[in-house]
Amino acid sequence: MHQYLKNKECPLLSEDVLAELKNNGIKTVLAFLSRDSEALIHACSLTYQEVVSVKKVLFAKYSALPCSATDLLDQPSVAPLASGCDRVDGLLGGGLPAGDLVELCGPSAVGKTQLCLAWAAAALLAGARVLVADAKCEFSVARCRRLLRRRGRSAQECDRLLERLQYAQVFSMQELLALLEAVRSRRRLHAGLRLLVVDSLAALAAPLLASPGFIGFGLLTDVGTTLKSVAAECRLTALVTNDLVQSEPGGGERPALGLAWLHVPHHRLLLSRETSTAPGPLAQPPRAGPRRTATLAKSISAPCGTSADFLVTGAGVEEAPTAQKRSAPED
Amino acid sequence: MTSRACRQVAMLACDSSPCGESGRQLLARLAPRPDLGSVLTELCPHHPVPGDIVEISGPGGSGKTQLLMECVAAALSCDSTSAVVLLDTDRHVRMPRLLQLLQRHLPSAAAARSAASRLELLTATSSQQARVALEALLARLEEHAGVLLLAVDSLSAFYWSDRHALGRVGERADAWYRQLGQQLVRLAGRGRLVVVATRHSLSAGATGWHHMGAEWSAAVTRSVCLRPQQGAVEATLRMVARTEVAAPPPPSLWKRRFVITDEGVRWLEVLADNE
């Protein structure tokens, strides 16, 4: 965090100059840049023009990257990634938006991983690459292959498509950070990457949140920052799954990982599942399982509070029948 | 090569201005600024003036970034030459949305695009990067006084990462963010611009604590607190008017609700106005 002044920053910062600055309490890049140039020439043997030159080098190296708004507007747009379930995709404006961090939040076995699989299959069918960071060993590549087969692809085509899916098991936040930094620094190697799945972030971060020294919250913030940077720079969607926890005794549920994470994602889908297993009045495909609901709880671009019902079937994620589609009464 | 020659080779092309400022810089700094407040009347009844600091705080998803983008669009629209700098640490700002807001203020899409070209976006991926960017802006403002508004989204994006990096002792993190607040105050004062910054609620409940510290709270002249409520957002504005009198007047209170639509922020009824 504190970048210390070093000779390699600029040849003008010789060991003698660094020692003089250190004697005057100026050890870091920020401390050097925040002092007036007139004050710095009294703290070391650099001339005024040399101080200005060093400042320019440090600003160029350590300042935030400037960008013109019109350059961003002129970037070619990337189509949203649709899962095949129009209603769920409609919550996000047509599918997973490129450049954004999307969170799927819900209790266990509600369908978070199934939705990730559906979007991963869609990305592969669109000719893109997918990277999966699996922390719970629940992301089934075999299931992904079955979804591709159900879309009419031959066995050979499925094998060819799956070559574009990179699967990595991660068991710690540090491993996840290293994987994300590798994607960021080796963008040419990951050209065509459209979807990055982390399943699940809660499994990785939750054990650290109670650690002393705020290491859990610190790493969580670093992961959130890096996920958003990778999503923006590589024009992909970062899709993470998270659990729900009880907010307080007798209170409602809220996303896990605390206030430190609550504001991070660009979009948050809350998933729930109907608890009754008795057959209802609405016609449902056989072996579809319970009806599930996705509600848009947070979004930077779409109205919140909208929801969509879906089913998890052998073909992936499908729309649940609406109230108009009722089964014919038995005579 | 002599040591003097080595140092000359190592120097980049630099400004050879002596200490102090030139007559041109002085005139640029003292020139009258465009009236930002006329298009920000909805946000607060008494519009901000150069040197003011507006803080927008609230929980995640309450509309802080949307409100900030409204301020940016208003600043870019009020004058055809003024520039706006946006320091983005949260990556929640979207340029197509900003263009949409500009088209609400300006007569044509071309005018909106021209206004967007005067926005400089600084994207920071760390706290240090953000603070160095602010120092660079301060150095530039002393030469180029065309920036009307500095928008920061947000002040708290890296707080937990910084807290972990600076160790278990909270005072070091407090000092870091106190210095960040001092940088923004210097920018507002010396740069004669309006600073609008968003801040996440990092603690649950109304504890009153926030990571920027008491010195920053005292420097903020307009504090807007957002609270999502029943499909809308309740904005509570506390305002301290700038005055030369030693004893500042008590802050005034102003409450209003708004909703975020496709066209932007739509203000609803005024809930309380005790001015």
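Could you check region A:276-304 and list, in sequence order, the residues that are over 22 Å from A:R143 (Cα atoms), at pLDDT 90 or above and not hydroxyl-bearing (S, T, Y)? The answer is A:L296, A:A297, A:K298, A:I300.
Does region A:224-247 contain any residue that is under 16 Å from the mean Cα position of the chain (by Cα), of a type in the set (D, E) and at pLDDT below 95? The answer is yes, given that some residue of region A:224-247 is under 16 Å from the mean Cα position of the chain (by Cα), of a type in the set (D, E) and at pLDDT below 95. Filter region A:235-275 down to residues that are in a helix (DSSP H, G or I) and surrounded by 22 or more Cβ atoms within 10 Å (Cβ to Cβ) and give me whichever is farthest from the other protein chains (Cβ to nearest Cβ). Only one residue fits best here, namely A:W261. Given the criteria within 13 Å of the chain's Cα centre (by Cα) and more than 23 Å from B:T65 (Cβ to Cβ), does B:R186 qualify? It is true that B:R186 is within 13 Å of the chain's Cα centre (by Cα) and more than 23 Å from B:T65 (Cβ to Cβ).
Taken together, the residues in region A:179-196 that are loosely packed, with under 12 Cβ neighbours inside 10 Å and aliphatic (A, V, I, L, M) amount to 2. If you filter region A:121-150 down to residues that are of a type in the set (K, R) and in contact (Cβ under 8 Å) with a residue 40 or more places away in the chain, you find that the one that is nearest to A:L204 (Cα to Cα) is A:K136. Within region B:149-165, if we keep just the residues that are facing chain A (nearest Cβ under 10 Å) and touching a strand residue (DSSP E or B) at 6+ places or on another chain (Cβ under 9 Å), the residue that is nearest to A:I215 (Cα to Cα) turns out to be B:Y159.
For region B:101-148, the set of residues classified as hydroxyl-bearing (S, T, Y) and outside any loop (DSSP other than H, G, I, E, B) consists of B:S114, B:T123, B:S127, listed by residue number.
Do we have any residue at all in region A:68-86 that's at pLDDT 90 or above, under 20 Å from B:L138 (Cβ atoms) and facing chain B (nearest Cβ under 9 Å)? Within region A:68-86, none of the residues are at pLDDT 90 or above, under 20 Å from B:L138 (Cβ atoms) and facing chain B (nearest Cβ under 9 Å).
This table checks each residue for (1) within 8 Å of chain A (Cβ to nearest Cβ); (2) touching an Asp or Glu at 6+ places or on another chain (Cβ under 7 Å); (3) not polar (S, T, N, Q).
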{"residue": "B:S77", "(1), (2), (3)": "no, no, no"}
{"residue": "B:D90", "(1), (2), (3)": "yes, yes, yes"}
{"residue": "B:M95", "(1), (2), (3)": "yes, no, yes"}
{"residue": "B:R113", "(1), (2), (3)": "yes, no, yes"}
{"residue": "B:A116", "(1), (2), (3)": "yes, no, yes"}
{"residue": "B:L121", "(1), (2), (3)": "yes, yes, yes"}
{"residue": "B:T125", "(1), (2), (3)": "yes, no, no"}
{"residue": "B:L137", "(1), (2), (3)": "no, no, yes"}
{"residue": "B:V147", "(1), (2), (3)": "no, no, yes"}
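The values are calculated or read from the model by the stated rules, or taken from the named source; none is laboratory data. What you see is a predicted model; the values in this text were computed from it and never measured. Note that each Cβ is placed from the backbone with ideal geometry, even for glycine, and that neighbours are counted across all protein chains shown.
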